[in-house]
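The values are calculated or read from the model by the stated rules, or taken from the named source; none is laboratory data. This structure is a prediction, so every number in the text was calculated from the model and none was measured. Cβ atoms come from the backbone with ideal geometry, glycine included; neighbour counts cover every protein chain shown.
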Amino acid sequence: MDGGQGEAVRVPQAQGTLEKLPVGEDSALLPSLLTLSDVFCTGHHCAVTAGVGPRTTVIGDGAVGLSAVLAAKRLGAERILLMGRHTDRTDLGREFGATDVIPERGDEGIARVRELTGGDGTHTVLECVGLKPAMETAFAVVRDGGVVSRAHRSTRTCRRNFGVFMRNITLAGGVAPARVYIEELLPDVLDGTIVPGKVFDRTIGLEDVPNGYRAMADREALKVLVQP
């Protein structure tokens with residue numbers, strides 16, 4: 001592609017990896033459209049592989065977790081419990097469709113989910129953190145016969161866990177095929193049905209990319225958008 005100033009960008013297999021959009025580069029929809037390349041599709045895949053049911057728990061209030069909340073709501077979840085403790089993020093989670101927020105962690109958080117679900121836990125759990133404590137929490141708050149879907153690489157938590165095996169828990173999830181989902185999700189972004197771009201809370205230039213990563217690592221930013 002010619003950028004207009006003599007620059008060229010080589011895009012391998014562009015006919016399959018790129019999607020032509022009906023909006024210009026200055027469109028207000030650009031942040032939401034950008035999420036279809038990764039973060040929203042990751043949350044969506046987590047919800048899809050879980051087979052989201054009426055009651056769903058989402059563990060993690062990062063950009064993927066919030067995307068999973070939005071995806072679960074879009075897929076018909078009636079009650080969504082969001083486990084997170086950062087108020088600015090969980091507020092966005094409520095806007096995306098979370099009906100309950102559980103700021104407690106560990107045993108207290110597990111007890112709270114059980115209390116809110118009549119002791120049963122939820123049909124599906126979307127684990128969007130990727131650390132051992134989060135996976136342990138996921139297995140503890142899913143109901144017997146339910147599904148835990150993870151948006152990150154599997155941990156060792158599920159290995160040799162006979163208790164989980166006896167409860168008939170299904171473990172799902174994997175790498176999100178983002179490109180596959182674009183055709184399905186794009187119309188909802190274009191008509192404003194969903195606005196996943198709200199996960200971007202900071203915009204930086206290319207020269208500030210290291211600081212952008214640092215801000216996300218230090219929990220100073222939820223998701224950083226790089227504007228060339």
**OP:** Might you let me know whether segment 89-97 holds any residue that is more than 23 Å from Ser32 (Cα to Cα) and surrounded by fewer than 15 Cβ atoms within 10 Å (Cβ to Cβ)?
**Re:** no
Subject >> In segment 99-120, the residues that are touching a helix residue (DSSP H, G or I) at 6+ places or on another chain (Cβ under 6 Å) and closer than 18 Å to Lys132 by Cα >> reply: Glu104, Ile110
Original post:
Which one of these does Ile182 not meet: (1) modelled with pLDDT under 90; (2) under 30 Å from Pro31 (Cα atoms)?
Top reply: (1)
**OP:** Search segment 44-60 for residues that are under 16 Å from Gly130 (Cα atoms) and pair each with any residue that is modelled with pLDDT of 95 or more and of a type in the set (Asp, Glu) when their beta-carbon atoms are under 7 Å apart and the residues are at least 6 apart or on different chains.
**Re:** Ile59/Glu127
Original post:
Among the listed residues Val125, Val113, which satisfies the condition of being part of a helix (DSSP H, G or I), modelled with pLDDT of 95 or more, in contact with a strand residue (DSSP E or B) (Cβ under 8 Å, 6 or more places away or on another chain) and aliphatic (A, V, I, L, M)?
Top reply: Val113
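Table: residues versus (1) under 30 Å from Glu220 (Cβ atoms); (2) surrounded by 14 or more Cβ atoms within 10 Å (Cβ to Cβ); (3) among the aromatic types (Phe, Trp, Tyr).
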| site | (1), (2), (3) |
| --- | --- |
| Thr99 | yes, yes, no |
| Gly109 | yes, yes, no |
| Glu115 | no, no, no |
| Leu126 | yes, yes, no |
| Gly146 | no, yes, no |
| His152 | yes, yes, no |
**OP:** Looking only at segment 129-168, count how many residues are closer than 17 Å to His45 by Cα, among the β-branched types (Val, Ile, Thr) and either at pLDDT below 75 or assigned to a strand (DSSP E or B) (or both).
**Re:** 2
**OP:** Of the conditions (1) closer than 26 Å to Glu136 by Cβ; (2) surrounded by fewer than 18 Cβ atoms within 10 Å (Cβ to Cβ); (3) among the basic types (Lys, Arg), Arg10 clears all except one; give me its number.
**Re:** (1)
Original post:
In segment 201-215, how many residues are surrounded by fewer than 16 Cβ atoms within 10 Å (Cβ to Cβ) and either among the hydroxyl-bearing types (Ser, Thr, Tyr) or in a helix (DSSP H, G or I) (or both)?
Top reply: 8
**OP:** Quick one: which residue in Ala98, Ala47 is in a loop (DSSP other than H, G, I, E, B) and either among the aliphatic types (A, V, I, L, M) or at positive phi (or both)?
**Re:** Ala98
Subject >> Filter result (exposed (fewer than 12 other Cβ atoms within 10 Å of the Cβ) and among the small types (Gly, Ala, Ser)) within segment 13-40 >> reply: Ala14, Gly16, Gly24, Ala28
Subject >> Any chance Ala176 is in a loop (DSSP other than H, G, I, E, B), hydrophobic (A, V, I, L, M, F, W, C) and touching a residue at least 40 places away in the same chain (Cβ under 8 Å) >> reply: yes
